[in-house]
Structures are given as C-alpha cells and as structure tokens.
There are 2 protein chains.
Amino acid sequence: MQRKATALDVAKRAGVSRSAVSLVLNGRGDGNVAKESQDRIRQAASDLNYSPNPIALSLRNQRTRVIGIVSDEVVVSPFDGNIIGGADDVARAHGFVTVVMDTERDASRDESAVETLLDRQVDGLMYVTVGLKPLDVPHGMLRVPSVLANCYDSSPAQRLHHVIPDEVTGGREATGHLLQLGHRDIAFLAGAATSPAVPLRIVGHREAMAKAAIPVRDDRVFMAGWDINDGFHGAMRLLDGVAATERPTAIVCANDRLAIGVALAAARLGLAVPRDLSIMGYDDESRIASTMVPALTTMALPLREIGAAAMGMLLGAIEDPQSGPAGGTAGLETMVPCRLVVRESTGPVPAL
Amino acid sequence: MQRKATALDVAKRAGVSRSAVSLVLNGRGDGNVAKESQDRIRQAASDLNYSPNPIALSLRNQRTRVIGIVSDEVVVSPFDGNIIGGADDVARAHGFVTVVMDTERDASRDESAVETLLDRQVDGLMYVTVGLKPLDVPHGMLRVPSVLANCYDSSPAQRLHHVIPDEVTGGREATGHLLQLGHRDIAFLAGAATSPAVPLRIVGHREAMAKAAIPVRDDRVFMAGWDINDGFHGAMRLLDGVAATERPTAIVCANDRLAIGVALAAARLGLAVPRDLSIMGYDDESRIASTMVPALTTMALPLREIGAAAMGMLLGAIEDPQSGPAGGTAGLETMVPCRLVVRESTGPVPAL
DNA sequence: TTGAAAGCGATACCAT
DNA sequence: ATGGTATCGCTTTCAA
C-alpha cells in the first residue's frame, strides 16, 4: 500500500507552502492566498487525491469525529439493531464515525468499555439498550457529551439526556385499536416485571379501557414473560377449556414472540385468527411480525427514530457545547411515539 | 474534563526526560536507564494514572490497533450478531478495538465504508455477512490484511482468506438425526435459491439419505423461502389433505422461522409434534429455537466460532505480515462445523 | 500574500 | 545512562 498524499505533497506540487494548502482547503483561502495559488492548490489536491489524515487531525484538534456507542447487547442480540442503524445514519451525515462496543449484558464491562472509548478520545458517547431500562450510568459518560437511547439514568439526578419510546401511548393505542373493532373482553399478556416498559404499557391499556368505560378484570392482565413458550402458556391459561362466551376475544401481547406462542395455542385449540380470536403483537420485530400466519398486527417501536434523535442531540451538544446534555444542566427526556401497524391478526369481535 | 497526564508530565514528576519514560514504560528500560530512575518513572506513571495517548501512538507508529468490520446487515438485522461478538472478543483480548460499519444491505456503500475505515488507518479489515454468500470484495480490502466471515470472494481468484460454516455436513447431520429416529420419508424445506448455503445443505441431505439407501423423492425437497409464512405454506403443501400413510413423518427446515411456520401448520391440521410429525430447524436462532413449543431441535450455526476464527487469522496476519491472508498468497478456506442441538420437536417415527 | 515555526503526544535515534 | 531532537500530518499564529 503506497503511502497516501500528505499536505506537503500537495504544497510541493502546487509550489506553495503547507500553510497555504491548509488555509485553502479549509475555506479560509480568500483574503489570505492569491486566487491563482488557490486554484493550483485545489488542482494539486484533486490530482493527488488528497484528503487530510484523520489521525493527525485528531491529534492536532483534539477532536476525533468519532462517537462511541456502548450497548448492553444490541449487537449480539436479535433486537434493536435499528437504534444503532438510525444513530449511525445521522452520525455519518455529519461526518462522524461510530464505534460500538457491546458488553454482551455484562454490566461490569460498562466502565471499561467507556474508558476504552474515552481513551481513544471519542467526542461523545451514547448508551443503547435492548428494551427500556434504568441504567447505572458509567462515570466516564459524564466527562464528555453523552446521551442515553432506550434507557435512562437510574439515579434521581437525571444527569443525561435520554430518548425513549412513549410506552403509555403505545399501550393505549394498542388496546384502542381492539376497542375500535368492538372487542370488550381484552386480555393483556405483559412481559416480565423487571422491565419498566411493562407497567407503562399496562397504564396505557387501563387508560384505554377506562375511556371506553370497561372494567379491567384482574385475571386478564398478567406477567407472562417474553418468549414464545410464555405466550403459549399464557394463552392456554386464558383459553383452554373455557367456553366461547367466557374467553377473551382479543389478546394483546407485550412482544411479537409472545404473539407467536398465542397463535400456536390458538391453532392447537382449533381457534381461527382473527375470526375467533384477535392477536396483537408489540415491537414489529423484523421478519417475524410481517410474515406470521396470519400477519401480525403490532405496535412498532420507533427504534430508528430513537437512535436518530439521540444522535441528533448528541451532535448538537458536541458542536455547540453550551446547550448540551453534558452542558451542566439536567438531562431532558425525549419521547418518541410508537406506531400502530395493522395487519391480519386482528379483526372484528366475533358475534356470539 | 481535565487533561490527561502525558509522558512529559511523568518525566517531570520523575525528574527525567521523556525518552527515559518511553523506554521504561515499553520494557526497554534495562540496560538503558538506571534502576532507580526506572522505579521513580513507574511510580510517577501510576501516580498520574498515565497511559499513552492512542492517537499520538497511531500517528507515530502508523498502526492504530483498530480493526474495521464491515457488515452487510448484521448489526441492524436480528441475526448473526454473534459473528461480530466472537470477533470482538478475540480482538479485545489482543488489545484491539473494532469499529463496525453496517451498510444495511446497500452494496454500493461497501467501497465507501471500506475507504472510510482505511482513511482512519485501520490495521485490518473484516467483512461479515448475514448468511453465507459470495462477496464482491471491495477493492480497499486488498490493501490491508483482510478476512471474510460467512462469505467468500466471488471472483475466481480467491484473494482473501474466508471462514464459513460447513453446510454440507450440517445438512447431512440434520437428516442423519432424523434417520436415526427411524424416519424414512423426510422432507427438506430449503430456503431460497439465491443462497449458496441451500444447495450445500441439500447435498448433505442427499448424502445422508443415500448412505441409508433411501431414494429422495423430488417432491420432498424444494425451495420454500426463509420466512414463517413460507414454512407454513410449504408444510401445507406437504401435509394438507394427505393421508397419514402418504405424508412425510419429518420435515427439516432451512431455518428456525420456517420451522415456526411448519409448527403453525401442523397445529392447524391437528398434528402433534413430535408425535405425528418431527420438525427440525436450522440456525438455533436465539430466543426462538429454545423457547418454541415444543422446543426446536435444530442445527446450530457456529457464529461465534466463525467470528473468532476469522479475527484470529486476521490478527495473525497483522502481527506477522509474512504469512497472512493479504500476504500475497491466495486465501485459504476455514470451515467450522455446525452443531446439532436436540430438543423436543423431533422424536421417533410414528408407528402406522 | 506567503512561509517559517510551534505544538498536539509519543518514539527512536544520536549525541553526549 | 541520559537527554536532545527529528518525525508522524496537520493547523495556526506570527513575521516577513
């Protein structure tokens, strides 16, 4: 690999000094460098296919144009990669590069990941999690502009800006969709109590039910877990051996995998979806929700938007150090709305 | 953020010159620096919590200890993140950091991603894909040590080393497992013809059948696609309205999502798994295979191992430039075996 | 308008 | 054994 052209090479070729090259190429040529020198410099630069060495630039400017992203398990898990995708889009558009370190759910690696990144002089930091959760913010994150995506500072002093989905509204609109189809006996298969998203979605569910003046039965809302088998067992509990008049006509699930389990249970019980039972998912998990049989109606999490919004804030704070997340003030909260995706697993309430 | 200690700070505190600091801290102290100076230097370094600035180091040494990973869609997709996880483990263990750029399936971004990375002076490059595939190797990859993980050079001159799963053996052992359970009428739901993994797995399937001296019926092996609905329709085609004596007793699927579709179809047709029908998946997709109802027997792809092996080769080539993938010789091929994971969706052939 | 020189942080060579 | 100095590539200030 032959060495790349340096500013000195350009200067030689154009017959000027390095300083002139630097000035011109950074747009500060006018008023400092003769017009024709400028032309020669630009010509030489493009001839040599010159671009400044980012490492030297970093050393000189003390800014690397690198954003460090640490994730709890986004990369290795099958979910939420879109947060990083959305964040990266924005970063790239601003000439930044992201480097992501995944701790694979080992919180003890958080600090060291952050230190490694800080050591490499990242200009800013972002923490991304799979699923909404309170985060024990690594100390290092307070030393440079930082944001939280899909998580929030677990300490009372909200020191960092965070971007999260609006789960209450998500829950409300999911149930609202079913209500609109005429359902009145709606079950809610929640995930696990450890997730802060769960109670929020339940609040939304209750709000929707309250607005429709329908009492919420205690046995219709419960923690089921997050996986296919959890959905299956939850559905069996709700449906197996229960008379048609006694069973819920719709089930909203806290994620799409639960919905798969519910669909499996329904099929086993000879219930047709959505004719006998409507099923709603949550997440709009790629390659799952849209290809289910029947295709899943679901509440899409705005992952890309979350990532993009978080990166937007972060870059803002970096480029204008006054008004930033790490600008000394407490962090703000940005909520991004979820998006209802209607497919085929929900339908009108069955006539009895 | 107060500035970090530099070598000069350490030198001052220890009352020596920068050079001495450099020598001692790099283990070249003995024979060059007085024992007691060495002690003072080390003391000062730890007092100041000194660690060399990686940027300055990079500029000086022309090595960044950064490995660039470009992926087609590994980060944003729900799959194969483990390749990156495995690769990153190895890199970290060697004091390297990885920066991954995901092109989100836009091949036209390949070259620019590689250039960006090269521009940032990565010491090596790795390309990772979701699913085995031939790769139009970006030119830039030939300029530094590089490896391919889960993909291979599409040009006849295999210029880069690649690490891929042993799909033929995977297919053979999947079918072998079913054969061992007594099945003789085994269907094979392949993915899409565009994947080179498909024909390989079919070869394996045929080898296993041949070894058991069972003819393979043409209508038992076909391209179905990769998604849940594809599995559903494939299974319906095989099972719906077919007499018990005429239908396959086992179906091996090219991935776990197809298996979900098959399970859905079986449930709808009143077939119990594995009593009436055995189902095998492929991939051991996390949070899917193990939580299916019943839990899916599947052929696990050795993703972590692939990533780790690829990174191992790459670092080898970087640290010993003689014998590397980019060392001038043609690339080698490393095949990593798949792993049979037996769960509950397969069982003895039904007695008729 | 231009070029020379300092400095970002570290290493390696070469005098002392 | 030790410290001074050039160098990596670039930007910026200061003199000419």
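What are the label-to-label distances in nm, one decimal and shortest first, from A:Asp119 to the same spot in the other copies, with labels 7 Å along Cα to Cβ?
Label-point distances to the other copies, shortest first: 2.7 nm.
Under the rule a/c < 1.5 gives rounded, and otherwise a/b versus b/c splits prolate from oblate, where does chain A land using the Cα gyration tensor? List each step's numbers first, then the result.
Values: a/c = 3.14, a/b = 2.59, b/c = 1.21.
Here chain A falls in the prolate category.
Just how large is the dipole of segment A:7-52 about the Cα centre, in debye to the nearest 20, putting +1 at every Lys and Arg Cβ and -1 at every Asp and Glu Cβ? Provide the component values of the computation, followed by the final result.
Working: 7 positive and 5 negative charges, 18 e Å.
Here segment A:7-52 has a charge dipole of around 80 debye.
Within segment A:193-227, what residues put their amide N at less than 19 Å from the label point 7 Å along the Cα-to-Cβ vector of A:Arg184?
The answer is A:206-221.
Please compute, for peptide B:53-64, the average count of beta-carbon atoms on other protein chains lying within 10 Å of each residue's beta-carbon.
4
Using only DSSP helix segments of four residues or longer, with each worth -39500 (n - 2.57), what per-residue ellipticity at 222 nm results for chain B after dividing by its residue count and rounding to 500?
On the way: 11 runs with 131 residues, N = 352.
Dividing the helical sum by the residues of chain B leaves -11500 deg cm²/dmol.
Rg and Dmax of segment A:7-52, using alpha carbons, in Å: what are they?
8.9, 25
Got the relative contact order for chain A handy, in percent, Cα pairs under 8 Å and 6 or more residues apart?
Details: 728 pairs, mean separation 61.6, N = 352.
Worked out over chain A, it gives 18 percent.
Sorting B:Ser278, B:Ser46 on the 10 Å Cβ count, fewest up front, what's the list?
On the way: B:Ser278 25, B:Ser46 10.
So the residues, fewest neighbours to most, are B:Ser46, B:Ser278.
For label points placed 7 Å from Cα toward Cβ, what is the shortest-first list of nm distances from B:Pro196 to its copies?
Its label point is 4.7 nm from the equivalent points in the other copies.
In straight Cα distance, which lysines are under 30 Å from B:Lys4, not counting same-chain residues fewer than 8 positions off?
Counting by Cα, and skipping residues close in sequence, B:Lys4 has these lysines nearby: B:Lys12, B:Lys35.
Given an 8 Å cut-off on Cα distances and at least 6 residues of separation, report the relative contact order of segment A:167-301 as a percent. All intermediate terms of the calculation are to be shown ahead of the outcome.
Numbers: 247 pairs, mean separation 32.2, N = 135.
24 percent.
Defining the label point at 7 Å along Cα→Cβ, can you sort the distances from B:Leu332 to the same site in each other copy, shortest first, in nm?
Distances to the matching label points in the other copies: 5.6 nm.
Can you give me the long-range amide H partners of A:His183? Hydrogens built in the peptide plane at 1.01 Å from N, cutoff under 5 Å, separation of 5 or more residues or another chain.
Under 5 Å from the amide H of A:His183 lie the amide H atoms of A:Val349, each far enough along the sequence or on another chain.
Is the C-alpha gyration tensor of segment B:167-301 telling us rounded, prolate or oblate? Criteria: a/c under 1.5 is rounded; beyond that, a/b larger than b/c is prolate, otherwise oblate. Let's see the in-between values first.
Details: a/c = 1.35, a/b = 1.09, b/c = 1.24.
Rounded, because the longest to shortest axis ratio a/c is under 1.5.
Taking loop as defined by DSSP and a crowding limit of 16 other beta carbons within 10 Å, which trypsin sites (Lys or Arg not before Pro) in segment B:9-101 fit? Walk me through the numbers before you get to the answer.
Numbers: sites: B:Lys12, B:Arg13, B:Arg18, B:Arg28, B:Lys35, B:Arg40, B:Arg42, B:Arg60, B:Arg63, B:Arg65, B:Arg92; in loops: B:Arg28, B:Arg63, B:Arg65.
Listed in order of number, the matching sites are B:Arg28, B:Arg63.
Give the shape of segment B:229-352 as rounded, prolate or oblate, defined through the alpha-carbon gyration tensor: a ≥ b ≥ c are the square roots of its eigenvalues, a/c under 1.5 means rounded, and otherwise the shape is prolate if a/b is larger than b/c and oblate if not. The partial results should precede the final answer.
Details: a/c = 3.53, a/b = 3.12, b/c = 1.13.
Prolate shape, in that a/c is at least 1.5 and a/b is the bigger ratio.
Just so you know, all these numbers are worked out from the coordinates, no wet-lab data involved. Keep in mind that what you see is a predicted model, and the values were worked out from it rather than measured. All Cβ positions, even for glycine, are placed from backbone atoms using ideal geometry, and neighbour counts span all protein chains on display.
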